[in-house]
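Quick notes on the structure that follows.
The values are calculated or read from the model by the stated rules, or taken from the named source; none is laboratory data. The shown structure was predicted, so the numbers you read here are calculated from the model rather than taken from an experiment. Cβ placement follows ideal geometry from the backbone for every residue including glycine, while neighbour counts extend to all protein chains displayed. Quick note on the areas: whole protein, heavy atoms, side chains included, nothing else; ligands and nucleic acids left out. Shrake-Rupley method; radii C 1.70, N 1.55, O 1.52, S 1.80 Å.
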Amino acid sequence: RGLSEDALDFATPLLGGDTSSTSGPVTISITAIGTVETFVARRGARVGDGVYVSGPIGEAALGLWLRENPGRLETLPLEARDGLLGRYLLPRPRLDLIPMLASAATASMDISDGLVGDLAKIMGVYGVSAVVTLSDIPLSLAALQAIALSPELLEIALTGGDDYEILFTAGGDFSPPEGIRRIGWVTAGSNPPKLCDGEGKSVIFKKDSYRHF
């Protein structure tokens, strides 16, 4: 509003961002500016599409939980503990998936605030829903070992975030490459996505994602 046509030619949308809080005393914020040739938006999931994730979920969230609870899970193997902590401390963005997503995905987003909450976001943008089977969600051996010792950690794994994995939808003719897992289907309706156990019963968590405030 109030810009000339010449100015509007240079106007571009801001994608992404960071919302956080701190007690200080120092805050550092870095902004990266650039362009992309291909962009797969959150909007675009269609009824009948498959819902996919690019890799194991929950390792970073469990790594953070271990840092905040150093005296817990004393019998967790050291290799598993180090693996979970490593996924939290040294994230690995899935840049290798760019060509595949550009050619096959109908909607896509990174899993930053937890799979359950981010699934609701990507479905809600286009006014659709989804059905996901919990047993189809990939979990690493380290995550499974931690959850076996403390079952409530499953909720943390699926709602904690910082996965740096990709959540996306693709048409029924999509053949996922190795490492990509289909966890459900896009369905009609505006209700929140349904999470089901092995018997098809709904599973509801106390929260659906990480909350910044």
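Taking every DSSP beta bridge that has both ends in segment 102-213, the antiparallel portion is near 75%.
Kirkwood radius and radius of gyration were both taken over the C-alpha atoms of segment 21-132, and their ratio Rg/Rh is 1.04. In this structure the amide hydrogen of residue 55, modeled in the peptide plane, comes within under 5 Å of the amide hydrogens of 166, 181, none closer than 5 places in sequence on its chain.
With all protein chains kept in place, the per residue accessible area of the chain amounts to 62 square angstrom at a probe of 1.4 angstrom.
If only the Cβ of Lys and Arg carry +1 and only the Cβ of Asp and Glu carry -1, the dipole of segment 91-140 around its Cα centre is close to 60 debye.
In the chain, a dipole from Cβ-located charges (positive for Lys and Arg, negative for Asp and Glu) runs towards its positive end, and of 123, 76, 41 it is 123 whose Cα lies farthest in that direction. Of 85, 167, 115, which is the most mobile in a GNM of the chain whose springs link Cα atoms less than 10 angstrom apart? Of 85, 167, 115, the most mobile in the Gaussian network model is 85. Sequentially through segment 37-44, phi angles give Karplus couplings (6.51, -1.76, 1.60; θ = phi - 60°) of 7, 9, 9, 9, 7, 5, 7, x Hz, Gly and Pro residues having no value and appearing as x. Taking only alpha carbon atoms, segment 60-213 gives an Rg to Rh ratio of 0.97, where Rh is the Kirkwood radius.
By the Kirkwood approach, averaging reciprocal distances over each pair of separate Cα atoms, segment 73-158 gets a hydrodynamic radius of 15.2 Å. Taking the 1.4 Å solvent-accessible surface of segment 29-91 as the whole, the part contributed by carbon and sulfur is 53%.
Residues whose amide H comes within less than 5 Å of that of residue 130, counting only those at least five positions distant or on another chain, are 187, 194 (H built at 1.01 Å from N in the peptide plane).
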